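The values are calculated or read from the model by the stated rules, or taken from the named source; none is laboratory data. Since the model is a prediction, treat every value here as computed from it, not as a measurement. Using ideal geometry, Cβ is built from the backbone for each residue, glycine included, and neighbour counts are taken over all protein chains shown. Remember, those area values only see protein heavy atoms, side chains included, never the ligands or the DNA or RNA. Shrake-Rupley method; radii C 1.70, N 1.55, O 1.52, S 1.80 Å.
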Amino acid sequence: MKTELRGNTTSMSPQNPSLCTTPQTSLLKGCLGSLDGACIEKLLLHCASALESNDVTLAQQVMWVLNNVASSAGDPNQRLTSWFLRALIARSSRVFPTPMNSFGGSSSGTIRRRLMSVTELAGYVDLLPWHRFGFCASNSAINNAIQGYFKVHILDLSITHCMQWPTLIDALAKRPEGPPSLRISVPSWRPLVPPFLDLSCQEVGQRLSNFAKFREVPFEFNVIEDSPSKEHSNVHCDNFVLSQLSPSSLQLREDEILVVNCQNWLRYLPDEQKGNSIHNTSSRDAFLDVIQGLNPRIITVVDEDSDLGASSLTSRITTCFNFLWIPFDALETFLPKDSCQRLEYEADIGQKIENIIGFEGNQRIERLESGLNLSQRMKNTGFLSVPFCEETVREVKFLLDEHASGWGMKNEDDMLVLTWKGHNSVYATAWVPCGFEA
């Protein structure tokens, strides 16, 4: 937990004497009385170790301490802790089926779907620069890459329902030589993660078409139809995704250039190697191989800058706790504790925490990798990094000026990185295949 958040402490007096008399709970003694972020992290790791060693008594004792400090309406420490506790309860209910739900919370793993209107979704992505940062950097890189081309096809793999594209359409409409013809293709399936929209893909496409017509940009919108079966909707659908990325499914045309846009998407493709042969690759690497074979003019990759794919539960807890403090801390700076908008945004982050901590195997779909690791993967697959130009940097800085002063940006190994109080939060990258042929 970073210094800014660890400064908050929550006083607590022991109400359960047995907690302080068990030889196994020496760590708990030291944490009673004043719980700061560092101590909470130790308690979370202690609980994880107890669960992994099937020590139900110790796990219950640590959860009791955490339950006394956790509050969804408290300071950032307490709010973050409440979601980690919920995730540990969900996990413990599968390890110890009966006694562990006395602290409250849900253990079913059911995804909560809060359907937003387009207006609500716009407010959601504008609340923090978490999404707009990637939109801005990617759109600028794409706009530069397609200069001089008159027919552009964008394959959009993202979770924000095409909220990125009105800004690009507006920029294309302002071209002195006139806008190119723009075609956007999206898969009918997306990961079942927030935000959720109360419109279908087709309805989103119609709204984009209306806006493009208003801006006098020739426009087509295609939905790649082929939904996975409902019983697999909560697990990795890598076979579905890969099956849709053929030239025939994408209806590629010789007179178009292809752009591939990946916003918070690669994390949902498994990174485990398939089979035992050294020639077998993970779905993530297979996806990149397929993309390279499509010969795109540019591929943009944006995601959160953290490694959350470790097989070790304790490793994931440490990394997750020291990363997801950022949005909780940022929201504290401008929204009241009882703000519905804040509670809903934090609940979406909480769903991510539950998946990272509470589940294993195919049910654990949140498998982030850092920007540095992603960059090495791209290079290993045969992509070349495209540095962001000064105009892109200026556009991103202008965007960040609209938000709290804690937000910043740095240029790191050809990546643009969004920071909060100096700590990495989101990275944006741009790539071309080696030997790209226009």
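Some observations on this one:
- Residue ID - farthest from Asn68 (Cα to Cα), chosen from residues in region 102-146 that are assigned to a loop (DSSP other than H, G, I, E, B) and at pLDDT 95 or above: Ile146
- Those helices (runs of 4 or more DSSP H) of region 1-97 in which 1 or more residues are among the hydroxyl-bearing types (Ser, Thr, Tyr) and at pLDDT below 65 occupy 3-6, 26-31.
- Cβ separations smaller than 6 Å between residues 6+ apart or across chains give the following pairs from region 362-384 residues that are touching a residue at least 12 places away in the same chain (Cβ under 8 Å) to residues that are in a helix (DSSP H, G or I) and not polar (S, T, N, Q): Ile365/Tyr268; Glu366/Lys352; Glu366/Ile356; Arg367/Arg267; Leu368/Arg267; Thr381/Leu288.
Every residue, every condition in (1) modelled with pLDDT of 95 or more; (2) not β-branched (Val, Ile, Thr), yes or no:
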{"residue": "Ser283", "(1), (2)": "no, yes"}
{"residue": "Ala286", "(1), (2)": "no, yes"}
{"residue": "Asp289", "(1), (2)": "no, yes"}
{"residue": "Ile298", "(1), (2)": "yes, no"}
{"residue": "Asp303", "(1), (2)": "yes, yes"}
{"residue": "Ser312", "(1), (2)": "no, yes"}
{"residue": "Pro327", "(1), (2)": "yes, yes"}
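- Each residue in region 374-387 was checked for being surrounded by 17 or more Cβ atoms within 10 Å (Cβ to Cβ) and in contact with a Phe, Trp or Tyr (Cβ under 7 Å, 6 or more places away or on another chain), and 3 of them qualify.
- Residue identified as buried (at least 22 other Cβ atoms within 10 Å of the Cβ) and in contact (Cβ under 8 Å) with a residue 60 or more places away in the chain among Ala145, Ala141: Ala141
- Residues of region 353-373 that turn out to be part of a helix (DSSP H, G or I) and either surrounded by fewer than 21 Cβ atoms within 10 Å (Cβ to Cβ) or touching a helix residue (DSSP H, G or I) at 6+ places or on another chain (Cβ under 6 Å) (or both), as a count: 10
- Residues in region 339-363 that are of a type in the set (A, V, I, L, M) and over 17 Å from Leu44 (Cβ atoms): Leu343, Ala347.
- Hits in region 396-426 (condition: of a type in the set (A, V, I, L, M) and open to solvent by 20 Å² or more (accessible area, probe 1.4 Å)): Leu399, Ala404, Met409
- All of Val290, Val302 fail the test of being surrounded by fewer than 18 Cβ atoms within 10 Å (Cβ to Cβ), among the β-branched types (Val, Ile, Thr), at negative phi and outside any loop (DSSP other than H, G, I, E, B), apart from Val290.
- Residue in region 151-161 that is assigned to a helix (DSSP H, G or I), open to solvent by less than 20 Å² (accessible area, probe 1.4 Å) and not charged (D, E, K, R) present: no
- Flag for Gln244 being modelled with pLDDT of 95 or more and either under 23 Å from Gln206 (Cβ atoms) or among the acidic types (Asp, Glu) (or both): no
- Listed by first and then second residue, the pairs linking a residue in region 235-263 that is charged (D, E, K, R) to a residue that is modelled with pLDDT of 95 or more and open to solvent by 20 Å² or more (accessible area, probe 1.4 Å), with Cβ atoms under 9 Å apart and 6 or more places separating them unless they lie on different chains, are Arg253/Lys151; Asp255/Phe150; Asp255/Lys151; Glu256/Tyr149; Glu256/Lys151; Glu256/Ser181.
- Flag for Val217 being of a type in the set (Val, Ile, Thr), touching a helix residue (DSSP H, G or I) at 6+ places or on another chain (Cβ under 9 Å) and modelled with pLDDT of 95 or more: yes
- The residue that is farthest from Cys39 (Cα to Cα), among those in region 305-337 that are open to solvent by less than 40 Å² (accessible area, probe 1.4 Å) and charged (D, E, K, R), is Asp305.
- For region 179-220, the set of residues classified as more than 21 Å from the chain's Cα centre (by Cα), over 22 Å from Thr119 (Cα atoms) and open to solvent by 20 Å² or more (accessible area, probe 1.4 Å) consists of Pro179, Ser181, Glu216, Pro218, Phe219, Glu220, listed by residue number.
- Residues satisfying the stated conditions in region 166-197, i.e. touching a helix residue (DSSP H, G or I) at 6+ places or on another chain (Cβ under 6 Å), assigned to a helix (DSSP H, G or I) and not hydroxyl-bearing (Ser, Thr, Tyr): Pro166, Leu168, Ile169, Ala171
- Taken together, the criteria place Glu254 among residues that are modelled with pLDDT under 95 and acidic (Asp, Glu).
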